[in-house]
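Everything on this sheet refers to the single structure shown next.
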Amino acid sequence: MSISFHIDSISGPARTGRLLTPHAAIDTPVFMPVGTVGSVKGVSQDILEELGAQIILGNTYHLYLRPGVSTVRKLGGLHRFISWRRAMLTDSGGFQVFSLNELRKVTEEGVTFRSHLDGSSHFFSPESSMEAQIGLGADIIMVFDECTEYPADAARVRASMEMTARWAARSKKYFEEHKHEVPWTQGSAVRDQGSETPASPLTLTPSPSTQSLFGIVQGGMDRALRKESAERTIEIGFPGYAIGGLSVGEPRELTREIIEATLEHLPKDKPRYVMGVGTPEEIVEYANLGIDMMDCVLPTRAARHGLLFTSEGKVSIKQARYAQDSGPLDPNCACRVCQRYSRAYLRHLYASNEVLAQVLNTIHNLSFYLDTMRRVRHSISLGEESRFLSRVGSRPKS
Ligand SMILES: [Zn+2]
């Protein structure tokens, strides 16, 4: 037993559900904050818990380079190392290798790349990515795929999609042979019921626990190739499916079209995850299309640049117009930042380049994203999908 997924309510194509993982239950659709090197930048684990984050991401590429998989394994796996009792997901390292390494060399066997830290040479293959992700020990891990660049010609997209399919089969084979090597001892997983709805104790104790490996659909912006990629990935067989290769520079309308087209071919009874999206409006839109899981660096990265998402639109806190604004950042936000501090103070912290500016801005943005998903789940469960979508879409922009 590794994960189980139950759909609680359906409204049009959208659904709410519960994803039970070895470490915690997750209410879906869910937004997953990104903790690249084992830290959601600027926010401590206790505050993530307070904000209601049920699952966070770690990036295999970064953790493999530093502190190294064997170190994390010796310390009991990522959960113990970073002191996070809820669920975690790691990516395969593929996306970072492709996006951070201009000197990479791709062959059928895998990818040779240079560390962005010290220039040293490394090699990732489906097998070594699985080995690293098993050693890190997240609840959900991802197949090693090639994220096809945009734009790309038809022959290139097909070749890339086909290689991803072959790599998915190799990933699964290695995972099945080695999944027992995860650095949890049976019963050591500390469960945290950071969930809104109580579940029966029986369903929360899957045993013995193993990780779950998700497949990834590629195929660029070509609907036929997306369909073929979905079919080939489903044929290999995974407990969840991701849509990868989006948010790589294509127009937003195209992202939506490809998500919608790909969803048609994915099993309805399995979790469906869009990787690397999006704005608050987009995550609402995709949840309403039937997506269950999303992750993005946008709320945390934007926060560090002083760009804040609020119920009244975007706020660029660096602007002089906020210098004497004694009001809260977002009058409709219940987060600890909006309850306590003024726009003037947040603007002053940012202008003074204080570390606290990044911390407070990140707490608010994550709170806004997680709260947005809470409201989406609530409205889907009430069958109010279209109303919520139009309300978010009509938010004034500043
Ligand atoms: Zn707030």
Inset, instruction - Consider only pairs whose beta carbons are under 7 Å apart and that are at least six residues apart or on different chains; among these, list those whose first residue lies in the range 304-321 and is in contact (Cβ under 8 Å) with a residue 24 or more places away in the chain and closer than 20 Å to ASN332 by Cα and whose second residue is of a type in the set (D, E, K, R) and within 12 Å of the ligand (Cβ to nearest atom). - result: THR310/ASP330; SER311/ASP330; GLU312/ASP330; ILE317/ARG343
Inset, instruction - Could you list, in sequence order, all residues of the range 294-311 that are more than 12 Å from the ligand (Cβ to nearest atom) and either open to solvent by 30 Å² or more (accessible area, probe 1.4 Å) or in contact with a helix residue (DSSP H, G or I) (Cβ under 6 Å, 6 or more places away or on another chain) (or both)? - result: MET294, VAL297, LEU298, THR300, ARG301, ARG304, HIS305, GLY306, LEU307
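Specify which of the listed residues (GLN339, GLN324, GLN358) is surrounded by fewer than 22 Cβ atoms within 10 Å (Cβ to Cβ), among the polar types (S, T, N, Q) and away from the ligand (no atom under 16 Å from the Cβ).
Numbers: GLN339 fails: away from the ligand (no atom under 16 Å from the Cβ); GLN358 fails: away from the ligand (no atom under 16 Å from the Cβ).
The unique qualifying residue is GLN324.
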Inset, instruction - Under 6 Å between Cβ atoms, at least 6 apart or on separate chains: pull out the pairs that start in the range 163-180 with a residue that is hydroxyl-bearing (Ser, Thr, Tyr) and end on any residue that is crowded, with 20+ Cβ neighbours inside 10 Å and not in a helix (DSSP H, G or I). - result: THR164/ASP145; THR164/GLU146; THR164/GLN218; SER171/VAL143; SER171/PHE144
Inset, instruction - Check off (1) within 9 Å of the ligand (Cβ to nearest atom); (2) within 16 Å of PRO33 (Cβ to Cβ); (3) not small (Gly, Ala, Ser) for ARG374 and give me the number that stays unchecked. - result: (1)
Legend entry - The one condition in (1) surrounded by 15 or more Cβ atoms within 10 Å (Cβ to Cβ); (2) away from the ligand (no atom under 16 Å from the Cβ); (3) under 27 Å from GLY42 (Cα atoms); (4) of a type in the set (Lys, Arg) that ARG272 fails to fulfil: (3)
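Given the options ALA334, ALA351, ALA344, name the one that is surrounded by fewer than 21 Cβ atoms within 10 Å (Cβ to Cβ), at pLDDT 95 or above and near the ligand (Cβ under 9 Å from one of its atoms). Before you say what the answer is, go through the steps one by one.
Working: ALA351 fails: near the ligand (Cβ under 9 Å from one of its atoms); ALA344 fails: near the ligand (Cβ under 9 Å from one of its atoms).
Unique residue meeting the criteria: ALA334.
Any residue in the range 304-314 that is within 30 Å of GLN339 (Cα to Cα) and among the β-branched types (Val, Ile, Thr)? Break it down into steps so the answer makes sense when it comes.
Step one: list which residues in the range 304-314 are within 30 Å of GLN339 (Cα to Cα), which gives 304-314.
Filter again for among the β-branched types (Val, Ile, Thr), leaving 310.
The answer is yes; a qualifying residue exists.
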Inset, instruction - Could you pull out the residue among THR255, THR262 that is more than 16 Å from the ligand (Cβ to nearest atom), farther than 30 Å from GLU49 by Cβ, in a helix (DSSP H, G or I) and touching a helix residue (DSSP H, G or I) at 6+ places or on another chain (Cβ under 6 Å)? - result: THR262
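The values are calculated or read from the model by the stated rules, or taken from the named source; none is laboratory data. Quick caveat, the model's predicted, so the values are computed rather than measured. Neighbour counts are summed over all protein chains in view; Cβ atoms, including those assigned to glycine, are modelled from backbone coordinates with ideal geometry. Just the protein is used for accessible areas: all its heavy atoms, side chains included, with ligands, DNA and RNA removed. Shrake-Rupley method; radii C 1.70, N 1.55, O 1.52, S 1.80 Å.
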